[in-house]
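Taking it in order: structure first as structure tokens, then the write-up.
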Amino acid sequence: MVKFVLILTALAALAFGGLLLVIPEWYVTFSDGDPTNIGWLRFIGAGVVSLQGFGLAIVSVRRRGTNLLLGLIALASTVQTGALWFVFIRDELSVEAAWTVIVPGVGAAACVVLLWAAWASRRASSRLLAAEAEPAPFRAEGPPSPEQ
């Protein structure tokens, strides 16, 4: 289930981030925004594609030793989602169609929850594996020593 969530999130991030990176004008037109300064959309798109898209693709393919990367992606996603909601609540965006910010914001918040759940799940499973791999304490079996 975790792998499916990671792959699904990676594909969504690649699609949405790629849209912002390649054709930010379309998103501005779609959201009835102000097209005077769209460079920030390319910047956000690049971050979403690289960190969340490719990062999650790597994490979903390579299971071992990627929990730190997953934690980093979850943290970056949390900060990005928090910034999106902060900007929206303060009315700092120049969009007329508020739903074009709310829908990706709700999706991003759901992804953040799923990412932290996946991170916690991997952390718990890695602790369990480490506990199973720990060798049992050495006990010398044999006749009692003369001191005993």
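Here are some notes:
- Qualifying residue in region 122-134 (condition: part of a helix (DSSP H, G or I), closer than 18 Å to Q52 by Cβ and at pLDDT 85 or above): no
- Sole exception among (1) over 27 Å from A120 (Cα atoms); (2) at pLDDT below 85 for I58, by number: (1)
- Cross-chain or 6+ apart pairs with Cβ under 7 Å, region 83-97 first and within 18 Å of V28 (Cα to Cα), then part of a loop (DSSP other than H, G, I, E, B) and of a type in the set (D, E): S94/D34; V95/D32; E96/D32; A97/D32
- Any chance L69 is within 18 Å of L114 (Cβ to Cβ) and either at pLDDT below 80 or surrounded by 16 or more Cβ atoms within 10 Å (Cβ to Cβ) (or both): yes
- Single condition P144 does not satisfy, out of (1) more than 21 Å from the chain's Cα centre (by Cα); (2) modelled with pLDDT under 80; (3) surrounded by 10 or more Cβ atoms within 10 Å (Cβ to Cβ): (3)
- Single residue of V103, V95 found to be more than 11 Å from the chain's Cα centre (by Cα), at pLDDT below 85 and hydrophobic (A, V, I, L, M, F, W, C): V95
The values are calculated or read from the model by the stated rules, or taken from the named source; none is laboratory data. If you're wondering where the values come from, they're calculated on a predicted model, not measured in any experiment. Note: ideal-geometry Cβ built from the backbone for every residue, glycine included; neighbour counts use all protein chains shown.
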